[in-house]
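Taking it in order: structure first as structure tokens, then the write-up.
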Amino acid sequence: MAANLQLIADLGYGDVALAIADERGDLTVVADARPSTAVDPFASSRVGRVLPRSEEPEAYSAYEGGLRGEGPTRRVARGIRYVSEAHPIGAPNPVGTVVRTYGEHVEATPSRMERAFIDSARDLLDALRTGPLVDVLSGEPLATTRRAGDGILRVGPRGRISYASPNAVSIMRLAGVEGRVTGMRASELPGGGLGIQPVLGASGAIAVQMEVAGRVLSYRSLALPAAVLVLVEDLTEARRREREIEIKEATIREVHHRVKNNLQTIASLLRLQARRSDNAEVRRALTEATERAASMAAVHDLLARSDHERVDFAEAARRVVESVRSGLVGDDANISVTVAGDTGEIDASTATSLALALAELVHNAFEHAFEPGTAGHVEVTLQRDADRLLLGVRDDGRGLASGFDPVHSQSLGFSIVRTLVEDDLRGSLTASGDGGTIITIEVPLPAADQAQG
């Protein structure tokens, strides 16, 4: 009942509140819905409030007597006079009631459309009073709302359309129906045999999507006491846009896959060239270039597996660190490295810059922090706050040399890190040398990443 309240509120042009009785017989609102089709008489939700008997006598009469009741005008809000009606919930012994509060003018001079919608709202309340509407296909309770593009059909007990809203007529026209929709048999509508017919003269509901007459139609049909309420939606354009997006995403993933392969090929060529060089300085420069290419390849590999331009940077960091470690120390167990913390998904651009910076810092830690042949440990820590990401690289090596400031160093590695952090990411870089070296990067997260966090 609670899950269908919004549909009842929109069809009935009024506020609806589900109230359940406690052991004393007081009715407390446990769920409510405010109409999108009319002005609500209440300033805010009433969930959690006890309905006063003096203000809502119809609610108590319906609960105690088991019959629908309607009262006189008791409420005026925003210049509109409102009346209430109450429907008992639960049979044969009611456990509560649904109170529908609507403008007096709605019932005074309703149009044909308003009359059909209001009747459907009341019939739906009657159908739900004894239990949920069970989907005949899934066996699960069905709940739905009225969507912006929905057409509304009301089908009589003999299977003919007794009312079709303008949206419903337009949808049927696009699906090839000619002539008046009202009066047609529901089974003659495009998809009506599958989307409506199974609940005609029965109980329950059905929700199906199908491609018929060149259109993609969604039917949600709810069996009422003496009719069927049908919400039909044309999803053709939505499906077309989804397919276009899927094709674009697949294309982007393929591009990332090819970029990853090209970067790995470049890294392999640089590694091969480094091995063939007799110059230690050249070998070091080529090794560093190899790591940079491999770091970018790791990010593109993750992007190739993602459905959107976002990656889990913690996973990317672990790949980058392992690539640097294996390239520099191989199977040497003297120097260990760990990555701790979690970041969740972040924007691909941010992840790429951070991966490059991380590769440079880990490389420097392995290359400069420890005396040859000594054991050591490098720790990478990751932390994500509401609006920023922190990345730390710490080693337990010999610490910073006297007078050396990595933050302002003119070495190529630290210059790259500083450019990436300060210029690309608008972040900050700090360093300390107490008991080793600690380099900390702090970068602000884009608004989209803050929402994801």
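Tell me whether segment 274-295 contains one or more residues that are within 20 Å of Ile346 (Cβ to Cβ) and aliphatic (A, V, I, L, M). Steps first, please.
Of all residues in segment 274-295, those within 20 Å of Ile346 (Cβ to Cβ) come to 292, 294-295.
Cutting the leftovers down to aliphatic (A, V, I, L, M) gives us 294.
Within segment 274-295 (the criterion being within 20 Å of Ile346 (Cβ to Cβ) and aliphatic (A, V, I, L, M)), the answer is yes, since at least one residue qualifies.
Do you know which residues across segment 84-117 are out of contact with any Asp or Glu (no Cβ under 7 Å at 6 or more places or on another chain), more than 19 Å from Pro132 (Cα to Cα), of a type in the set (A, V, I, L, M) and in contact (Cβ under 8 Å) with a residue 40 or more places away in the chain?
Once the filter is applied, which keeps residues that are out of contact with any Asp or Glu (no Cβ under 7 Å at 6 or more places or on another chain), more than 19 Å from Pro132 (Cα to Cα), of a type in the set (A, V, I, L, M) and in contact (Cβ under 8 Å) with a residue 40 or more places away in the chain, segment 84-117 yields Met113, Ala116.
Quick one: how many residues across segment 57-87 are over 21 Å from Asp22 (Cα atoms) and out of contact with any Gly (no Cβ under 8 Å at 6 or more places or on another chain)?
10
Restricting attention to segment 276-285, which residues are exposed (fewer than 11 other Cβ atoms within 10 Å of the Cβ) and either farther than 21 Å from Gly413 by Cα or under 47 Å from the mean Cα position of the chain (by Cα) (or both)? Spell out the reasoning first.
Within segment 276-285, the subset exposed (fewer than 11 other Cβ atoms within 10 Å of the Cβ) is 276, 278-281.
Once the filter is applied, which keeps residues that are exposed (fewer than 11 other Cβ atoms within 10 Å of the Cβ) and either farther than 21 Å from Gly413 by Cα or under 47 Å from the mean Cα position of the chain (by Cα) (or both), segment 276-285 yields Arg276, Asp278.
Suppose the filter is crowded, with 16+ Cβ neighbours inside 10 Å, farther than 30 Å from Gln6 by Cβ and not assigned by TED's automatic domain parsing to the domain that holds Ala164; does Leu272 pass it?
So Leu272 fails the test.
Which of the residues spanning segment 179-207 are touching a helix residue (DSSP H, G or I) at 6+ places or on another chain (Cβ under 9 Å) and surrounded by fewer than 17 Cβ atoms within 10 Å (Cβ to Cβ)?
Selection gives Arg180, Thr182, Arg185, Ser187, Gly193, Ser203.
So which residues in segment 385-416 are more than 19 Å from Pro446 (Cα to Cα), modelled with pLDDT of 85 or more and not in a loop (DSSP other than H, G, I, E, B)?
Gly392, Val393, Arg394, Asp395
Taking the stated definitions as given, is Ala207 assigned to a loop (DSSP other than H, G, I, E, B), touching a residue at least 24 places away in the same chain (Cβ under 8 Å), at negative phi and of a type in the set (A, V, I, L, M)?
Details: assigned to a loop (DSSP other than H, G, I, E, B): no; touching a residue at least 24 places away in the same chain (Cβ under 8 Å): yes; at negative phi: yes; of a type in the set (A, V, I, L, M): yes.
Judged against the criteria, Ala207 is not a match.
Quick check on my filter: what residues within segment 40-83 are in a loop (DSSP other than H, G, I, E, B), under 35 Å from the mean Cα position of the chain (by Cα) and free of Cβ contacts under 8 Å to residues at least 40 places away in the same chain?
Within segment 40-83, Asp40, Ala43, Ser44, Ser45, Arg46, Val47, Gly48, Arg49 qualify.
Could you check segment 336-359 and list, in sequence order, the residues that are touching a residue at least 60 places away in the same chain (Cβ under 8 Å) and among the acidic types (Asp, Glu)?
Glu345, Asp347 - these are the residues of segment 336-359 that are touching a residue at least 60 places away in the same chain (Cβ under 8 Å) and among the acidic types (Asp, Glu).
When both residues are 6+ apart or on different chains and their Cβ atoms are under 9 Å apart, which pairs have a first residue that lies in segment 124-139 and is farther than 10 Å from Ala223 by Cβ, and a second that is among the basic types (Lys, Arg) and surrounded by 16 or more Cβ atoms within 10 Å (Cβ to Cβ)?
Cβ pairs passing all conditions: Leu125/Arg68; Leu125/Arg100; Asp126/Arg68.
Listed here are the residues, each with its yes/no results for (1) buried (at least 20 other Cβ atoms within 10 Å of the Cβ); (2) modelled with pLDDT of 95 or more; (3) in contact with a Pro (Cβ under 9 Å, 6 or more places away or on another chain); (4) among the charged types (D, E, K, R).
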| site | (1), (2), (3), (4) |
| --- | --- |
| Gly131 | no, no, yes, no |
| Leu137 | no, no, yes, no |
| Pro141 | no, no, yes, no |
| Ala148 | no, no, no, no |
| Leu153 | yes, yes, no, no |
| Pro157 | no, no, no, no |
| Ile161 | yes, yes, no, no |
| Ala164 | yes, yes, no, no |
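Charged (D, E, K, R), in a helix (DSSP H, G or I) and over 26 Å from the mean Cα position of the chain (by Cα) - does that describe any residue in segment 231-251?
No, segment 231-251 has no match at all.
Given the residues Ala31, Ala59, Ala43, Ala19, which is the only one that is farther than 18 Å from Ala77 by Cα and surrounded by fewer than 20 Cβ atoms within 10 Å (Cβ to Cβ)?
Just one listed residue meets the conditions, Ala31.
Which is in contact with a helix residue (DSSP H, G or I) (Cβ under 6 Å, 6 or more places away or on another chain), more than 19 Å from Arg147 (Cα to Cα) and modelled with pLDDT of 85 or more, of Leu269, Leu229, Leu224, Leu263?
Leu224
The values are calculated or read from the model by the stated rules, or taken from the named source; none is laboratory data. As the structure is a computational prediction, the values presented were derived from the model and not from experiment. A quick note on method: Cβ atoms are made from the backbone with ideal geometry, for glycine too, and the neighbour counts reach across all protein chains shown.
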